[in-house]
Amino acid sequence: MREKIMTYRYDGIVVDLYCCTEEDNYKLGFLRRNLQSREFTMEDLFHWLHVQDIYFRIRYEYNRCLSICTNINSYIKYLKAHRSYRATGKAKQKHDSNDLIVREVISLLDDTSYSVYKI
């Protein structure tokens, strides 16, 4: 079930959110409903993704409709976000695993505060 489920744009910064388990699907549905009701900043979104262990990727898209200066400013923001905000180790393990059972076990162990390491 590892699929890109949502995409958010902040100026030139694009954040792709991936659903790896049924629990992630539920959490992303909750996020979708709450994003419609109030405005999240990019920092709020990244903080929430870290707390919930949701896998995400950050990329930059050049916008031809904006001026060069605005695009350069957006690219600088992208570089800072790419350096500062990375998916958590648990989220990466869920995303990188090819086996549905392994992803579910990782999700269950996360709830019991065990640490899971890839060998």
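Just a few scattered comments:
- Verdict on Ile54 being among the β-branched types (Val, Ile, Thr) and touching a Ser or Thr at 6+ places or on another chain (Cβ under 9 Å): yes
- Residue count for the stretch 44-73, restricted to those that are open to solvent by less than 40 Å² (accessible area, probe 1.4 Å) and closer than 12 Å to Ala87 by Cβ: 7
- Of all residue pairs spaced 6 or more apart or on separate chains, those with beta-carbon atoms under 9 Å, a first member in the stretch 72-95 that is without any contact (Cβ under 8 Å) to a residue 60 or more places away in the chain and a second member that is among the polar types (S, T, N, Q) and in a helix (DSSP H, G or I) are Lys90/Ser107.
- When residues in the stretch 7-43 are screened for being open to solvent by 90 Å² or more (accessible area, probe 1.4 Å) and touching a Phe, Trp or Tyr at 6+ places or on another chain (Cβ under 9 Å), 2 of them pass.
The values are calculated or read from the model by the stated rules, or taken from the named source; none is laboratory data. All of these numbers come straight from a predicted model, not from anything done at the bench. Cβ atoms come from the backbone with ideal geometry, glycine included; neighbour counts cover every protein chain shown. These accessible areas exclude ligands, DNA and RNA; they are computed on the full protein's heavy atoms, side chains included. Shrake-Rupley method; radii C 1.70, N 1.55, O 1.52, S 1.80 Å.
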